[in-house]
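Structure record follows, encoded as structure tokens.
Every read-out reported here was derived from the displayed coordinates using simple, explicitly stated rules and does not represent laboratory data. Since this is a predicted model, take the numbers as computed values, not measurements. Here the Cβ positions follow ideal geometry from the backbone for every residue, glycine too, while neighbour counts run over all protein chains shown.
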Amino acid sequence: MSSFINHNRTQANVRLQWGDPARGNHNPELLRAPIERFENDSTAKLAMDLVATRDIEPGEEIFLDYSDEVRTTDEGANMATASS
């Protein structure tokens, strides 16, 4: 799916957000876990959702602002608990 999404800072029509833990495919506690936690765990669950920021017409190109901002683990953990 990600191969169909292009970067455009000014025309972005989708954004990323951490998945809803209630669906069972995202565990926000893992955002604070040490990297060693993932070495032998093929079931670790971190999920992101692609969310439209406006109505998208059929056939319209999907743009995401990849941004050059780098988020720290703490900021990522805050994103996991923030509501959209």
Take PRO28 and decide whether it is more than 20 Å from SER67 (Cα to Cα), touching a residue at least 24 places away in the same chain (Cβ under 8 Å) and not hydroxyl-bearing (Ser, Thr, Tyr).
yes
Tell me, which strands (runs of 3 or more DSSP E) lie completely within the stretch 1-68 with 3 or more residues that are surrounded by fewer than 14 Cβ atoms within 10 Å (Cβ to Cβ)?
48-52
Just to be sure I understand the filter: pairs with C-beta atoms under 7 Å, separated by 6 or more residues or on different chains, first member in the stretch 48-64 and of a type in the set (Gly, Ala, Ser), second member assigned to a loop (DSSP other than H, G, I, E, B). Which pairs pass?
ALA52/ASN13
